[in-house]
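S.K.: Here's a structure for you.
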Amino acid sequence: MSSLAIVGSQWGDEGKGRIVDLLSSQVDMVVRFQGGNNAGHTVVKGKDVFKLHLIPSGVLYPEVTCVIGDGVVLNPAVLIEELDNLNMKNINIENLKISCKAHMVMPYHIVLDKAREHHLGKSKIGTTHKGIGPVYADKASRSGIRTQDLLDHKIFKVKLEEELSLKNAIIEKVYGMEPLDPVEIYEDYMLYAERIGKYIIDTAFMINKFLDQNKSVLFEGAQGTMLDIDQGTYPYVTSSSTTSGGACIGAGVGPGRLDEVLGIAKAYTTRVGSGPFPTEIEGDIGVLLREKGNEYGTTTGRSRRCGWLDAVVLRYSAMLNYLDSIAITKLDILSGLEKIKICTAYKYKKEVYKDLPCHQTILHKCTPVYEEFEGWSEDITGIKNYEDLPATARKYIESIEEIIKVPVSMISVGPERSQIIIRDDNLKKRLFDSNNRSTLII
Ligand code: GDP
Ligand code: IMO
Ligand code: MG
């Protein structure tokens, strides 16, 4: 394997960080290609829990080069805090590279994100309040400030003053809030420059060089397909391209560079924030999934809405990302349920929709068509071989494959690195045996 893109197949928090960490033992480079610190990727190694927001989830392997790519929006203060936390745990971060083209989240983006959400009231998107929408809006309107501007104090100052005068007018005159102080922001960002300036390079050249040299590169997606700015449940989405295509744009590699695309899906579905969610469970089982699955946002701590697995969404995701295979995470959380459901279609006004309906009103109002499966009661958290799973759990996995027409290559049965079932022997060979580096310990 030379390159692999890992993307979320639902509405985020599928366990991408957990799988990226696992596979990072086998690659030379991990590249985050979009999103910002709205992401929260959890990696559990033994007793240590790492919550990563900007730094790629390959960071626990000192040999791996970790890249924050062109398509990421970077809040330098958050990055520095993350670097400090990792330092305290003796994690080496000298292999970090930051794209000189990545846009920076500025304090006014955060103020404007919060102010707009407040203004929207009941219609709010439920953003993470990290300034993500406003920073991507500035990027598109060509008024953003990029990491490379940190390297030239004069240019940074000019850009900041120009932009802040406009943003302060909005902050004061539209939202009636206190303006921000340009001097304070300038001074803060110059301190950030001292800390992170040495990591800033043109990462696209480096990534392509790695690929030219046949080194293996893993592209780590943030958020999920249904939060994609173009393909997701707009406007209840994030502001970047979360699909495999986004990996090319946000890392600066051509589409032919992606050898394999792995989708990550939870064994059920969760979503944080507003927007349609046909399989959401309002009652006891929803609460049970939330509590047992600890479904609280890694970034904001908000409770995640929980529901049954939505195969209409997964089929859509398989198509958009052109998934080679899928990893199912958190299967252990379903243990103990008498019955488990998979949504195979939506029904609205006597029409049955097997594919995601074109008009979002239908997604808001439809009722899911479910197929029901027998549950299992065994503790599966220590299982390593697929054959050792209870027959009903295997039936569940094989039914997912049949319904979405994508093979399930991995099954995660716990948050810890070793709690994984690698199902596909070929994948095992490609990912772990033909390996150029360390051996995967599972
Ligand atoms: P990401 O944003 O896609 O990386 O996912 P998050 O880290 O936000 O959320 C996934 C949560 O589930 C984290 O707390 C993980 O530690 C946890 N997790 C991942 N895989 C499993 C699993 O198979 N079983 C259990 N019980 N927890 C898991
Ligand atoms: P990871 O990478 C889950 C959601 C927010 C909100 C919408 C827009 O950990 O899977 P934004 O702050 O991006 O403008 O918010 O997107 N959202 C996520 N939900 N996981 C994430 O990241 C998310 N990043 C953003 O809750 O509904
Ligand atoms: Mg997350």
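The values are calculated or read from the model by the stated rules, or taken from the named source; none is laboratory data. From a predicted model like this one, the values you see are computed outputs, not experimental measurements. No Cβ is skipped: glycine too gets one built from the backbone with ideal geometry, and neighbour counts run over all protein chains shown. Only protein heavy atoms, including side chains, enter the accessible area calculation; ligands, DNA and RNA are left aside. Shrake-Rupley method; radii C 1.70, N 1.55, O 1.52, S 1.80 Å.
S.K.: Enumerate the pairs (first residue in the range 118-129 and touching a residue at least 60 places away in the same chain (Cβ under 8 Å); second residue anywhere and among the hydroxyl-bearing types (Ser, Thr, Tyr) and within 16 Å of ligand 1 (Cβ to nearest atom)) with beta-carbon separation below 7 Å, excluding pairs fewer than 6 apart on the same chain, so at least 6 apart or on different chains.
M.R.: Short answer, once both residue conditions are applied: THR128/THR299; THR128/THR300.
S.K.: Is there a residue in the range 272-280 that is within 16 Å of ligand 1 (Cβ to nearest atom), in contact (Cβ under 8 Å) with a residue 60 or more places away in the chain and under 30 Å from ILE333 (Cα atoms)? Even if it seems obvious, please write down each step before you answer.
M.R.: Applying the first criterion (within 16 Å of ligand 1 (Cβ to nearest atom)) to the range 272-280 yields 272-273.
The next check asks that each one be in contact (Cβ under 8 Å) with a residue 60 or more places away in the chain; those that pass are 272-273.
Then drop every residue that is not under 30 Å from ILE333 (Cα atoms), which leaves 272-273.
Taking every residue of the range 272-280 in turn, at least one turns out to be within 16 Å of ligand 1 (Cβ to nearest atom), in contact (Cβ under 8 Å) with a residue 60 or more places away in the chain and under 30 Å from ILE333 (Cα atoms).
S.K.: Among the residues of the range 261-295, what is the count of those that are modelled with pLDDT of 95 or more, more than 16 Å from ligand 3 (Cβ to nearest atom) and of a type in the set (Asp, Glu)?
M.R.: The qualifying residues number 2.
S.K.: Looking at ALA222, ALA247, which is the one that is buried (at least 23 other Cβ atoms within 10 Å of the Cβ), in contact with a His (Cβ under 8 Å, 6 or more places away or on another chain) and either in a loop (DSSP other than H, G, I, E, B) or among the aliphatic types (A, V, I, L, M) (or both)? Please lay out each step first, then the result.
M.R.: On the way: ALA247 fails: in contact with a His (Cβ under 8 Å, 6 or more places away or on another chain).
Residue meeting the stated conditions: ALA222.
S.K.: Checking the conditions here, which among ILE200, ILE155, ILE170 is β-branched (Val, Ile, Thr) and either within 22 Å of VAL67 (Cα to Cα) or under 28 Å from the mean Cα position of the chain (by Cα) (or both)?
M.R.: ILE200
S.K.: Please list, ordered by first then second residue, the pairs with beta carbon atoms under 9 Å, 6 or more apart or interchain, first in the range 232-251 and under 20 Å from VAL312 (Cα atoms) and away from ligand 2 (no atom under 14 Å from the Cβ), second open to solvent by 10 Å² or more (accessible area, probe 1.4 Å) and assigned to a helix (DSSP H, G or I).
M.R.: Correct list of pairs: SER244/PRO255; SER244/LEU320.
S.K.: Here is a follow-up. Which of the residues spanning the range 203-215 are surrounded by 15 or more Cβ atoms within 10 Å (Cβ to Cβ) and over 13 Å from GLY69 (Cβ atoms)? So that I can check it myself, show each step before the final result.
M.R.: Taking the range 203-215 first, the residues surrounded by 15 or more Cβ atoms within 10 Å (Cβ to Cβ) are 203-204, 206-208, 210-211, 215.
Hits for the range 203-215 are LEU211, LYS215.
S.K.: GLU81: surrounded by fewer than 19 Cβ atoms within 10 Å (Cβ to Cβ), modelled with pLDDT under 95 and among the charged types (D, E, K, R), yes or no?
M.R.: Working: surrounded by fewer than 19 Cβ atoms within 10 Å (Cβ to Cβ): yes; modelled with pLDDT under 95: no; among the charged types (D, E, K, R): yes.
It is false that GLU81 is surrounded by fewer than 19 Cβ atoms within 10 Å (Cβ to Cβ), modelled with pLDDT under 95 and among the charged types (D, E, K, R).
S.K.: What residue, of GLY58, GLY8, GLY36, is within 8 Å of ligand 1 (Cβ to nearest atom), open to solvent by less than 10 Å² (accessible area, probe 1.4 Å) and among the small types (Gly, Ala, Ser)? Quick ask: steps written out before the conclusion?
M.R.: Details: GLY58 fails: within 8 Å of ligand 1 (Cβ to nearest atom); GLY36 fails: within 8 Å of ligand 1 (Cβ to nearest atom).
After applying the criteria, what remains is GLY8.
S.K.: Only one of GLY46, GLY35, GLY71, GLY8 is within 14 Å of the chain's Cα centre (by Cα), more than 13 Å from ligand 3 (Cβ to nearest atom) and not hydrophobic (A, V, I, L, M, F, W, C); which?
M.R.: Details: GLY46 fails: within 14 Å of the chain's Cα centre (by Cα); GLY35 fails: more than 13 Å from ligand 3 (Cβ to nearest atom); GLY8 fails: more than 13 Å from ligand 3 (Cβ to nearest atom).
The match here is GLY71.
S.K.: Next question. Find the residue count for the range 296-313, including only residues that are more than 16 Å from ligand 3 (Cβ to nearest atom) and either open to solvent by 10 Å² or more (accessible area, probe 1.4 Å) or at pLDDT below 95 (or both).
M.R.: Of the residues in the range 296-313, 1 are more than 16 Å from ligand 3 (Cβ to nearest atom) and either open to solvent by 10 Å² or more (accessible area, probe 1.4 Å) or at pLDDT below 95 (or both).
S.K.: Can I ask one more? When you check ARG195 against the structure, is it in contact (Cβ under 8 Å) with a residue 60 or more places away in the chain and not polar (S, T, N, Q), yes or no?
M.R.: Working: in contact (Cβ under 8 Å) with a residue 60 or more places away in the chain: yes; not polar (S, T, N, Q): yes.
Judged against the criteria, ARG195 is a match.
S.K.: Inspect all residues belonging to the range 249-261 and state whether any of them is within 16 Å of ligand 1 (Cβ to nearest atom) and in the same structural domain as VAL27 (by TED's automatic domain parsing). Step through it out loud before you land on a result.
M.R.: Residues of the range 249-261 that are within 16 Å of ligand 1 (Cβ to nearest atom), as a first pass: 261.
Subsequent filtering for residues that are in the same structural domain as VAL27 (by TED's automatic domain parsing) retains 261.
Scanning the range 249-261 turns up at least one residue that is within 16 Å of ligand 1 (Cβ to nearest atom) and in the same structural domain as VAL27 (by TED's automatic domain parsing).
S.K.: Going by the conditions given, is ILE281 crowded, with 24+ Cβ neighbours inside 10 Å and of a type in the set (A, V, I, L, M)? Give the derivation first.
M.R.: Values: crowded, with 24+ Cβ neighbours inside 10 Å: no; of a type in the set (A, V, I, L, M): yes.
So ILE281 fails the test.
S.K.: Somewhere in the range 180-194, is a residue surrounded by 15 or more Cβ atoms within 10 Å (Cβ to Cβ) and assigned to a loop (DSSP other than H, G, I, E, B)?
M.R.: For the range 180-194, residues surrounded by 15 or more Cβ atoms within 10 Å (Cβ to Cβ) and assigned to a loop (DSSP other than H, G, I, E, B): present.
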